[in-house]
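None of the figures in this text is laboratory data; all of them are computed from the coordinates on show. All values reported here derive from a predicted model rather than from experimental measurement. Counting neighbours? That spans all protein chains shown, and the Cβs are built from the backbone with ideal geometry, glycine included.
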Amino acid sequence: MEALRIEGVRKTYAGGVEALKGVDLSIAEGDFFALLGANGAGKTTLINITVGLVTKTGGKVTVFGVDQDADPDTTKLSIGIVPQEFNFNIFETPRVIVMTQGGFYGMDRRDAAARADELLHALGLWEKKDVQAIKLSGGMKRRLMIARALVHRPRLLILDEPTAGVDVELRRGMWEYLRTLNAAGTTILLTTHYLEEVEQLCKNMTIVQRGAVVKSGSVQALLAEASDRRYRVMLAEAPTDAQVHTLRAESDDGTTVTVALAPDELFETVFARCHEAGVHVRDVVPAQNRVEELYLSTIQ
Amino acid sequence: MRADLLKNSLFTIIRREMTRIFRLWSQTLLPPVITQSLHFLIFGGFIGSRVGLVDGVPYIAFIVPGLVMMTVIQNSFMNVVSSFFLAKFQRSIEELIVSPTPDWAMMVGYVFGGIVRGAVSGVLVFAVCAVFAHPTIRHPFAILLFLFLAATLFSLAGFLNGIFAKTFDDISIFSTFVLVPLTYLGGVFYSLNQLPAFWQNVSRLNPILYMVDGFRYGFFGVASVPVWWSAVVLALIAFAITLVNLALLRRGVGMKQ
């Protein structure tokens with residue numbers, strides 16, 4: 001079943017700005033889906049249309065088989081949204097914010113309280129449950145918005161740049177939590193500017209540019225299309241010019257060289273050349289983030 | 001939305017409004033008591049002692065219903081417009097928009113908060129005034145009816161102002177340039193019968209006159225305008241604002257792009 005189906009969705013804002021020019025998108029139930037695009041590409045508009053914050057000019061949005069226009073209540077109950085910007089009452093406490101959101105979704109106060117406590121524990125906010133939200137750090141505020149979005153147990157979780165401004169350690173923790181959620185059956189739609197996040201987490205992705213979809217497919221398949229096959233090889237000792245020549249590499253600095261492979265060459269060719277050149281390898285990493293390369297080649 | 005879910009959603013909005021009003025009592029309930037006590041002491045006590053009787057009632061007692069009504073009007077209005085606009089300003093209103101809570105429930109929740117704050121402020125001001133003026137209560141039902149109508153009407157008006165407000169200035173413009181002049185010219189400090197015929201007719205265009213007059217009838221049993229007519233006019237205005245609010249919410253004015 002499709003968790004989200006978007007067909008020909010258009011949005012023209014007052015003033016004539018055409019933010020979406022007929023976007024089509026399909027996300028399968030259980031997917032971890034990335035929506036990529038530059039600032040102003042239309043990602044947030046598309047998300048806001050899906051959750052009912054923006055009125056679409058045309059097209060159709062279906063959530064778990066239910067038409068948004070025909071039965072908005074059911075579609076809203078299926079979706080949890082973590083917006084890009086903080087949008088809670090900063091004078092309320094995390095526990096009240098999460099419980100209140102549960103109430104808006106029709107949860108009984110006792111159920112909402114129990115669920116809020118469960119989520120605040122799970123997201124590491126329990127110690128701050130009674131502190132005014134204005135006093136939380138940026139990372140805590142992000143996690144609070146995730147807790148709030150999950151209070152009514154949505155089947156589709158939409159995250160609009162959830163890790164913006166979050167430190168590396170915290171980001172990894174959030175990744176783990178999102179992976180666990182996805183494994184438990186929650187479909188996740190993610191927008192992010194951290195492209196390694198897409199490579200680490202997502203199964204499928206779409207790139208939008210100037211209000212239209214320009215590339216769509218599975219992350220692995222799209223990465224395979226990426227033209228860049230350059231690897232940074234870290235050697236045990238600085239190579240001689242002859243060794244660099246044998247490696248058919250470019251010398252970067254000291255003990256690091258960059259090896260480029262032709263599209264039909266296997267990855268093990270890197271090691272074969274190293275063996276031929278008589279150098280010892282400490283590590284091999286892609287010269288550039290592959291998603292980043294794909295993204296840049298697509299939008300340019 | 002299913003009835004049981006709707007009940008929980010509506011109660012959640014109301015509970016949040018109640019919490020805000022009573023948690024911030026020093027900002028929501030205390031100021032009107034101080035302001036109206038000063039009005040009462042200066043106009044009723046110092047000046048009123050030289051005025052004598054108005055419509056057969058001592059002036060100090062005559063102004064009590066007007067001061068209470070003024071409190072109800074201003075606090076109902078300001079509670080809704082400030083709470084609703086703050087939710088828009090912080091974008092926490094999006095919590096409601098993304099949920100299945102219907103538009104009308106959102107409006108009812110905020111308006112209920114305005115009614116409660118208006119009523120509680122009014123009762124507090126009345127309690128202070130009653131210590132000095134000992135006003136009579138002839139028709140308690142009329143008092144409750146006009147209290148409810150005024151609080152509802154101005155809570156709805158506050159919601160309407162909140163829908164259109166884009167800046168903090170926008171929430172004070174209506175209050176400063178419309179609400180306050182209409183309140184002072186609505187017979188709080190004088191009887192309609194004291195005005196020349198022309199100004200009596202002009203005053204009849206002011207809805208606050210009907211609130212004050214009907215409310216005062218509940219205390220003293222005298223009214224410048226037939227009481228049933230006042231109640232009908234106020235109910236019709238409240239109904240009209242309700243329809244306008246619902247139409248604007250349905251179109252997403254001020255909240256959705």
### Task
Name the residues whose placed amide hydrogens come within less than 5 Å of the amide hydrogen of A:VAL208, ignoring near sequence neighbours (fewer than 5 apart) on the same chain.
A:LEU36, A:GLY37, A:VAL214
### Query
For the stretch A:2-223, what is the relative contact order in percent, using Cα pairs closer than 8 Å and at least 6 residues apart in sequence?
29 percent
## Note on the structure
Across A:93-100, the residue-averaged tally of Cβ atoms belonging to other chains within 10 Å stands at 2
## Note on the structure
Expected vector for the stretch A:12-29, Karplus 3J(HN,Hα) from phi with 6.51, -1.76, 1.60 and θ = phi - 60°, integer Hz, x for Gly and Pro, equals 10, 6, 4, x, x, 6, 8, 7, 10, 10, x, 8, 10, 7, 9, 10, 6, 4
## Note on the structure
Amide H proximity to A:LEU157 below 5 Å, modelled H, separation 5+ or other chain, gives A:GLY80, A:THR187, A:ILE188, A:LEU189
### Query
If the limit is 23 Å between Cα atoms, which of A:LYS56/A:LYS141; A:LYS128/B:LYS256; A:LYS43/A:LYS203; A:LYS129/B:LYS256 go over it?
A:LYS56/A:LYS141; A:LYS128/B:LYS256; A:LYS129/B:LYS256
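Could you tell me the calculated FRET efficiency between A:VAL66 and A:GLU176, based on Cβ-Cβ distance and R0 = 22 angstrom, to the nearest 0.05? Intermediate values should be presented prior to the final figure.
Working: r = 31 Å, r/R0 = 1.41.
FRET efficiency, A:VAL66 to A:GLU176: 0.10.
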### Query
Pairing the Cα long axis of helix B:30-39 with the longest principal axis of chain B, what angle in degrees results, from 0 to 90 and rounded to the nearest 10?
20 degrees
### Query
In a Debye calculation with equal point scatterers on the alpha-carbon sites of the stretch B:95-154 and no solvent, what is log10 I(q)/I(0) at q = 0.30 Å⁻¹?
-1.19
### Cα long-axis angle, helix B:140-164 against chain B (0 to 90 degrees, to the nearest 10)
50 degrees
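Scale the Cα Rg of the protein assembly as shown by the rule-of-thumb value 2.2 N^0.38 Å and send over the ratio, two decimals. The partial results should precede the final answer.
Details: Rg = 32.1 Å, N = 557, 2.2 N^0.38 = 24.3 Å.
After normalising by residue count via 2.2 N^0.38 Å, the value is 1.32.
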#### Entry: Integer Hz, Karplus 6.51/-1.76/1.60 couplings in order for the stretch B:198-203, x for Gly and Pro
4, 6, 5, 5, 4, 4
### Query
So what's the gap between the Cα centers of the stretch B:128-170 and the stretch B:240-257, to the nearest angstrom?
23 Å
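Run the dipole for the protein assembly as shown about the Cα centre, Lys and Arg Cβ at +1, Asp and Glu Cβ at -1, nothing else charged, and hand back the magnitude in debye, nearest 20. Display every interim value, and only then the final one.
On the way: 51 positive and 49 negative charges, 497 e Å.
Here the protein assembly as shown has a charge dipole of around 2380 debye.
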### Query
Hey, rough spin-label estimate for A:TRP126 and B:VAL222, points 7 angstrom out along Cα→Cβ, what's it come to in nanometres?
6.9 nm
### Summary
Mean separation of Cα contacts under 8 Å (at least 6 apart) over the residue count of chain B, i.e. the relative contact order in percent, is 25 percent
### Message
Based on alpha-carbon centroids, what's the gap between the stretch A:1-69 and the stretch B:43-83 in Å, whole number please?
### Response
55 Å
### Taking N as its residue count, the alpha carbon Rg of the stretch A:229-289 over 2.2 N^0.38 Å
0.98
### Summary
Karplus-derived 3J(HN,Hα) from phi for the stretch A:250-263 (6.51 cos²θ - 1.76 cosθ + 1.60, θ = phi - 60°), whole Hz, x at Gly and Pro, runs 9, 7, 8, 7, x, 9, 10, 10, 10, 10, 9, 10, 6, x
### Task
Could you tell me how many degrees, from 0 to 90 and to the nearest 10, lie between the Cα long axis of helix B:103-133 and the main elongation axis, the longest principal axis, of the Cα atoms of chain B?
30 degrees
